[in-house]
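*Asks:* So that we are looking at the same thing, I have put the structure below in structure tokens.
The values are calculated or read from the model by the stated rules, or taken from the named source; none is laboratory data. From a predicted model like this one, the values you see are computed outputs, not experimental measurements. Counting neighbours? That spans all protein chains shown, and the Cβs are built from the backbone with ideal geometry, glycine included. To get the accessible areas, we keep the full protein, side chains included, count just its heavy atoms, and leave off ligands, DNA and RNA. Shrake-Rupley method; radii C 1.70, N 1.55, O 1.52, S 1.80 Å.
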Amino acid sequence: MILTGMRRVVFALAVCLARSGRSEVNQSEQIAPDVYFHEGDLKGHGHCNNGWIVFEDYVLVIDGNFPSGAKEIIPKIKAVTDKPIRFAFDTHHHCDHAYGNQVWVENGATPVAHVGVLEEMKKYETGYYGGKPGRWEDSAKSRKDVAESRLKPPTLLYRTEMIFDDGKHRVELLHFGVAHTHGDGFAWLPNEKILFTGDACVNGPYNYAADGDTGEWVKTLENAKKLGAKVICPGHGPRGSGQVLADQHAFFSELRGVVKKYRRKSPETVQKAMEQIRGALMENPQIARYVGDFLPAQVEKAYVEMGGKPFLTKTAGLEDEKHHAAAHGREISVRN
């Protein structure tokens with residue numbers, strides 16, 4: 001889609017508004033009474049974003065992070081409240097959102113997640129469940145914090161929703177379907193109109209699609225948009241207005257729309273058209289910030305979902321996995 005004139009200006013302004021709530025990386029920020037957001041140091045340590053809500057009797061944390069990320073957050077929580085940390089909500093099963101669970105348990109919290117998170121862990125964390133080494137063992141080769149901890153799957157699970165409500169604050173843990181993974185959970189604060197999205201919605205070029213489904217992702221985001229959130233706290237990147245959710249939805253809708261034009265073409269043709277596809281997406285300022293290193297794999301994923309054959313070589317696939325690993329710190333915080 002090519003935008004001109006006033007439409008280009010409007011979209012550019014929307015992007016600016018979506019990013020206007022940016023706080024400093026690695027700094028906690030109170031975004032509502034008793035509600036905090038922390039943008040993790042993704043580039044330096046592979047950390048995801050976190051949030052926490054201080055209830056009358058306890059604290060609920062959003063995302064387990066890596067072990068080092070959890071240890072980074074705990075003192076910041078204790079600096080603003082003496083309430084015990086009782087629950088840590090994993091928005092999905094990926095290493096940077098759930099590998100810190102054991103640290104939270106050691107600090108008195110119970111890991112909480114959608115049932116799909118446990119199902120995904122059983123699929124990918126084969127070493128923990130008595131099979132061959134899985135993702136945890138792979139991550140431990142290059143991350144000292146993982147090697148020194150241990151995997152702790154969530155033990156408090158929900159299927160559709162789980163609600164925390166003390167009469168003053170209400171947090172609804174929701175599941176709208178497949179998106180970034182098959183177990184994506186959202187934390188919705190209806191009183192404050194704040195939505196913590198995990199990686200189902202990010203704010204930048206962080207959309208790893210290999211464990212999800214781009215078509216279902218669009219549907220999931222459509223359902224999330226119906227909440228009418230005013231503040232979006234994404235899994236990665238700066239927080240922003242509800243426009244961030246709209247932009248993430250627009251990216252996958254546009255991506256699939258462009259790929260659909262190639263669905264009857266050969267895999268070789270699609271691969272050769274990659275720069276044209278990139279250019280078409282970059283023309284739209286609403287979604288340009290989502291176009292990054294993952295694009296070839298995102299295009300292949302959508303193309304295969306539409307009936308095409310994979311076209312990336314094994315080497316290219318490994319490179320994409322390396323990009324994902326680097327984005328999640330596995331090649332940054334190396335073991336000594």
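*Asks:* Using heavy-atom solvent-accessible surface (probe 1.4 Å) with all chains present, what is the largest-first order of 81, 155? Intermediate values should be presented prior to the final figure.
*Replies:* Numbers: 81 20, 155 90 Å².
Sorted by accessible area, descending: 155, 81.
*Asks:* Please report, largest first and rounded to whole Å, the three semi-axes of the ellipsoid equivalent to the range 171-210, where each semi-axis is the square root of five times an eigenvalue of the C-alpha gyration tensor.
*Replies:* Numbers: eigenvalues 81, 33, 5 Å².
Rounded to whole Å, the semi-axes are 20, 13, 5.
*Asks:* If you don't mind, there's one more thing I want to ask. Percent antiparallel among DSSP beta bridges with both residues in the range 82-186, to the nearest 5? Intermediate results must be reported in sequence, preceding the final value.
*Replies:* Values: 6 of 12 bridges.
Taking every DSSP beta bridge within the range 82-186, about 50 percent pair in antiparallel fashion.
*Asks:* Relative contact order for the chain: what is it in percent, counting Cα pairs under 8 Å that are at least 6 residues apart? Kindly include the intermediate steps, with their values, before the conclusion.
*Replies:* Details: 699 pairs, mean separation 63.3, N = 336.
After rounding, I find 19 percent.
*Asks:* Taking only protein heavy atoms and a 1.4 Å probe, what accessible area per residue, in Å², does the chain have with all protein chains in place?
*Replies:* On a per-residue basis, the chain sits at 42 Å².
*Asks:* Give me the percent of the accessible area of the range 191-306 that comes from carbon and sulfur atoms, probe 1.4 Å, all protein chains in place. Write down the numbers at each step before the final one.
*Replies:* Numbers: 1930 of 4200 Å².
Summing carbon and sulfur atoms, their accessible area is 46 percent of the total for the range 191-306.
*Asks:* While we're on this one: Can you tally the lysine pairs in the range 112-217 where the Cα-Cα distance is under 17 Å and the two residues are eight or more apart, or on different chains? Present the calculation step by step, with values, prior to reporting the outcome.
*Replies:* Numbers: 122/132; 122/152; 123/132; 123/152; 132/141; 144/152; 168/193.
Lysine pairs meeting both conditions in the range 112-217 amount to 7.
*Asks:* What figure in square angstrom, to the nearest 10, would you give for the accessible area of residue 274 with a 1.4 Å probe?
*Replies:* For residue 274, the solvent-accessible surface is approximately 20 Å².
*Asks:* Using 7 Å Cα-to-Cβ label points, what is the residue 81/residue 150 separation (nm, one decimal)?
*Replies:* 3.0
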